[in-house]
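This report refers to the structure that appears directly beneath it.
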Amino acid sequence: MLPGLAPQLIETLLAGIPAFLFALRHADLSLLWITNGAAGMTGFDPRDLLARPGLFAERLSPDDRERLARLWGNAASASPAPEDFRFRCADGKARWLRITLLPSAGATSGDPLSIAGIAWSIDDARGSRREAHLGQCALLAADVPIFLTDMSGRIRLWNRAAERFFGWSAGEMVGSAIHPLFPFPSESVEGILRRVREEGAVCREDRLVSKTGKTVPCRLTVSLLKDDEGNPEGTVVAVGGTAEIRGLESRLQEAITRLRIIEKVNRIIASEWDIRKVHGRIVSELEKLVDFDQTSIALFEEGKDPIIIHAYAKGRTDLGSGTRIPLDRSAPGWVLVRRIPRIDDDMTSSEEAFAENEILVREGMRSRLMIPLFAGKRVVGTLNFNSRKKGEYSLDTIEGLGSIPDQLALAIEKHRAYVRLKNSEERYRLLFEQGPPAAISALDGRFVDVNDGCLTLTGYSREEFLRLRNTDLHVNPEMATPLASVLSSGQGIEKEAFIRRKDGSKFWANVNIFPVSKTLVLGQIIDITEQRELEGRLRQAQKMEAIGTLAGGIAHDFNNIIQAILGYTSLLKGRFGGQEEAAAQVDAIEHAGLRAGELTRQLLGFARRGKLDVKPTDLNGVVEKVVTMIRPTFDRSIDIRTALPVALLPVEGDAGQLEHSLLNLCINARDAMPNGGTLRIETHNVILSDPEAYGLAEAPPGEYVSLSVSDTGVGISVEHLPRIFEPFFTTKEPGKGSGMGLAMVYGIVKNHGGWIDARSADGRGTTFRILLPASPMMLAVPTALPKPELLAGGTETILFVDDEESLRLLATETLGSLGYTVLTARNGIEALARYAENRREIALVILDLIMPEMGGVETFRRLREIDPAARVLISSGYAGDDQSEMLLAEGVAGFLRKPYRIGALAGAIRQAIGRRS
């Protein structure tokens, strides 16, 4: 390769240039190396040329090979001039190459007897020079006196006819000024040249001076010459006698007229995208160039028969626009295969039986001209003419159309691009209109398009919306996405935004913005207000569930501790029967234990595990009991009112928990009215039918009972309202509220299968509404309180299973005092072993549900596998939980709720065993 240049750099420099580098050995002109550019110029793969080193020289003629060898010899001593060679390419065609040898580059091949060179393609240059040469020869050989000048009037070419007309030779005139040819002052000649510059051409009757000094009358035409970029370059002067002038004028006028028609047709073609409209608009102009009775354009489509995209006929025709004709049996197919024009002087005597011939002949057509339309190397269609006259068309007809066929081919390609674009636009429009709410905006944020969904969502009319900018929709304009960043990055952005409607209402939206062009972005707007509310409620429910699980676990451990306290107080009461002071102290301990048990009941209620005493309950009775409790304690400035209908339906619930929930709501209402006000408690029956909903409850259809608590207090702010049911959330001063009251109310209501919501505003009071399913069962008739009975005992063997050691010791002592033989186990695994050893003696198993290693549920089922008749009494601090209800259904003998008194335990044991002592 060339010194100091890497092969990759050489290939990069030569990319896109019709040239290649090579190296030859002097002895036999065999090829040592060659660059990849040879493939495009010669058609040979460089690897094939290197595989046959002599092939490169073989493709040159013998004379050219000798010339190349001589050129090699000259290059050894000096830099030789480039020379042109004809190289026979892989397709057999000859191509002109201009080769320059590089004497200093031979050593790079590693062979001192080699030399490198560069070859250029000069086909186009030789063609251009040939055309220029031919044009110059034509001017020189013309019968009409013609000479060319530069813009200053200096003569550049003087043809032989001018020599004969004026008497001066070309050697005498080239380089001289034209001014002496005119018999008037130079200023007048300059005036003629100025007119030519301004008007493009000047034609006048005049007299010119010959070499003999005589003036000769003639017709003078001076026309402006322009270079490739349209800049004035000089003038062409044509001189004729009177008769010659007339004929020349006529031919020139025809040529000018034809050129103007062609120019007009080309302007029409360039201004229109639809080829059908193009053809329709140029028909009248084509009539000035070609005689026809029918004309059409046929298009070729891959995999389809040709289609007559547009047709014009002077009269009716069956080959109109949209007609398809068989590719293999039609004149367009013939043209496509042969890639040449088709001319028929008389179709009635045509040798080819094309499918359309019968129709054309029937319609009176005789002559046919079909011109292939080339887009590059592809035939994309045909321009067709038919005439009722025979022999109407020839190659001159095609030549007379000038560049029109080429421009029509480009128009077809443009038409296809237009059709693809239109189809794409229609698909986009359909997706845009039928898709989610969306709008398109420019770089400055101004909206340029919007679909109906977005108008419906925002409440604007189309005209109003298109006057907005994207920032106008945002409640906080600073949060609007900078569109410039989206366009510059080319990447879409998805975000949530707070959007304002026309009526001022606001909603949360998911906004997806992405670029659709270099200057436009599309934004899709989805209303997610309900979704955010649902997510918020889900998070709230998850928080409540988490806190509830924690509360349930704490309640379970507390119940075990309280159970030990209550058990031992029962034992102490028996020992201090005659000691009143000691017995009173034990009663105080027992009362404290029962109060602690009530607290765990509340914790279980919050954990939604505590429907401890579920039965048909009268909410009116719950209200009356709570009102009786609070009326003496609330300040007299608070007016307590109730509205309790007589025919209120019962609900399935725990009256104690419902009372506790109502009490919490009343206390909150009192605290919200430090200066007094009205507390109103109402109940009423509600019947919901699909798709009705009670607030945010979305309750299924059915009968319900509503309980509402309203106050006229300070209200709850908008920002605090969504959080009021969160555990430990409070707006009260430290020490005046734990934040657990409403959380427990929420848990109890949910545990009863109900819904609760709150409506409030600053300074306008608050209303809590609770909705509970109505019970189909009747209210129970109150019964007299049972008389205290003696503790029942027995002599059976009982297996007591609990992970708390204190409860196992307590059971051994208390049940032993009642006459029972007590076996204990600390978990399910030990219980199974003990039962297997003593199954004949054990009459009852008292089983805790929550234990390590093996829980109560699995232990019960394994006991039943050992002994299907085993009697099991469940004991748990998770009162009324799903596991207890499931085991009751599976056949446990009973359920004992912690904490319990010894009397309750003794009664449950006798009931489970099935007899009393």
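Each residue of the stretch 700-713 was assigned a 3J(HN,Hα) from its phi angle through the Karplus curve 6.51 cos²θ - 1.76 cosθ + 1.60 (θ = phi - 60°); the sequence is x, x, x, 9, 9, 10, 9, 10, 10, 10, 10, 9, 10, x Hz, with glycine and proline shown as x.
How much accessible area per residue does the stretch 272-420 have, in Å², with a 1.4 Å probe? Don't skip to the end; give the middle numbers.
Details: 7010 Å² over 149 residues.
Heavy-atom accessible area per residue stands at 47 Å².
Kindly state, to the nearest 0.05, the FRET efficiency for Ala761 paired with Ile640, given R0 = 25 Å and r defined as their beta-carbon distance.
Details: r = 23 Å, r/R0 = 0.90.
Rounded to the nearest 0.05, the efficiency is 0.65.
3J(HN,Hα) along the stretch 182-190, derived from phi through the Karplus expression 6.51 cos²θ - 1.76 cosθ + 1.60 where θ = phi - 60°, amounts to 9, x, 8, x, 4, 4, 5, 4, 4 Hz, with x in place of Gly and Pro.
Think of a 1.4 Å ball rolled over the protein heavy atoms: the stretch 797-913 then has 42 Å² of accessible area per residue. To put it simply, the accessible area of the stretch 427-529 at a 1.4 Å probe is 56 percent carbon and sulfur.
Taking amide H atoms as placed 1.01 Å from N in the peptide plane, the amide H of Gly234 lies under 5 Å from those of Leu225, each 5 or more residues away in sequence or on another chain. Checking the Cα-Cα distances for Lys226/Lys264; Lys264/Lys422; Lys226/Lys377; Lys304/Lys414 against a 22 Å cut-off, the pairs over it are Lys264/Lys422; Lys226/Lys377.
Kirkwood hydrodynamic radius, the stretch 20-77, all distinct C-alpha pairs: what's the number in Å?
Working: mean 1/r = 0.0849 Å⁻¹.
Evaluated on the stretch 20-77, it is 11.8 Å.
Model label points for Asn510 and Arg462, set 7 angstrom from Cα along the Cα-to-Cβ axis, are 2.9 nm apart.
Which aspartates and glutamates, on any chain, are close to Lys288 with Cα under 17 Å apart, when same-chain ones fewer than 8 places away are left out? Excluding near neighbours in sequence, the set is Glu254, Glu263, Glu392, Asp396, Glu399. Ranking Ile909, Val845, Val872 by Cα position along the charge dipole of the stretch 797-913, where only Lys, Arg, Asp and Glu carry charges on their C-beta atoms, puts Ile909 farthest toward the positive end. Probe radius 1.4 Å, ligands and nucleic acids ignored: give me the carbon and sulfur share of the accessible area of the stretch 797-913 as a rounded percent. After summing per-atom areas, the C and S share lands at 45 percent. The calculated FRET efficiency for Arg260 paired with Thr100, based on their beta-carbon distance and R0 = 41 Å, is about 0.30. Note on the stretch 619-773: with charges restricted to the Cβ of Lys and Arg (+1) and Asp and Glu (-1), its dipole about the Cα centre is near 480 debye. Rolling a 1.4 angstrom probe over the protein heavy atoms with all chains in place gives the stretch 427-529 an accessible area of 54 Å² per residue. Here the accessible area of the stretch 335-416 is 50 percent carbon and sulfur, with a 1.4 angstrom probe and all protein chains present. In this structure, the amide hydrogen of Val450, modeled 1.01 Å from its nitrogen in the peptide plane, lies closer than 5 angstrom to those of Ile440, counting only residues at least 5 positions away or on a different chain. Gyration tensor over the Cα atoms of the stretch 427-529: the corresponding equivalent ellipsoid has semi-axes (square roots of 5 times the eigenvalues, largest first) of 19, 16, 13 Å.
Seen from all directions on average, the stretch 145-257 presents a Cα convex hull projection of 7.2 nm².
The values are calculated or read from the model by the stated rules, or taken from the named source; none is laboratory data. Everything numeric here is computed off the predicted structure, so don't read it as measured data. FYI the Cβ positions are ideal-geometry reconstructions off the backbone, even for glycines, and counts take in every protein chain you see. With ligands, DNA and RNA removed, areas are computed over all heavy atoms of the protein, side chains included. Shrake-Rupley method; radii C 1.70, N 1.55, O 1.52, S 1.80 Å.
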